[in-house]
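The values are calculated or read from the model by the stated rules, or taken from the named source; none is laboratory data. This is a predicted model, so every value here is computed, not measured. Glycine also receives a Cβ, built like all others from the backbone with ideal geometry; neighbour counts cover every protein chain displayed.
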Amino acid sequence: MMKKRKVSFSVMIIIFHFTIVIFLMGISSSVIFADTLARSNGNIEGTVTISAGFGIVDSVGVTALNADSSYTTVPDSTGFYQFDRPVGIYSVTAILENYEDSTITEVEVLENQTTSDIDFCLNPILGYVQANIKPTLCK
């Protein structure tokens, strides 16, 4: 007569960056639910210019905001910035202390595409520029 044995094992599921990794008895496999968990991304890019005053372009905060998220970056020393963001519609705002904020709305991010020329030119707040400087303001 054959004796019945009780066999037990454990399953550990780890969710990491929309990938489910299943470890079962020393064997691992990866299952990606692309349609339900993964989000497609695209890019937003542009240039920030400071019209006058003493502002430093790589101190500007550029924020992409939509109903699901908010992300802020800073441009490099040439004023160039870039976001890698999930597909959607964003408002993008450039902010620098003592300068007027500037916002571009309805910026659409498409899957695997770059939305470019989202450019900003920041003007100093009235009274911030010294009296002996005649600023050339953004239009």
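Listed by first and then second residue, the pairs with beta-carbon distance under 7 Å, at least 6 apart or on different chains, first residue in segment 70-89 and among the basic types (Lys, Arg), second in a strand (DSSP E or B), are ARG85/ASN41; ARG85/GLY42; ARG85/ILE44; ARG85/ALA64; ARG85/TYR71; ARG85/VAL109.
Kindly indicate whether THR115 is under 19 Å from ASP68 (Cβ atoms), touching an Asp or Glu at 6+ places or on another chain (Cβ under 9 Å) and modelled with pLDDT of 95 or more. Yes, satisfied. Quickly run through segment 114-127 and pick out the residues that are assigned to a loop (DSSP other than H, G, I, E, B) and under 15 Å from ASN43 (Cα atoms). Passing the criteria: SER116, ASP117, ILE118, ASP119.
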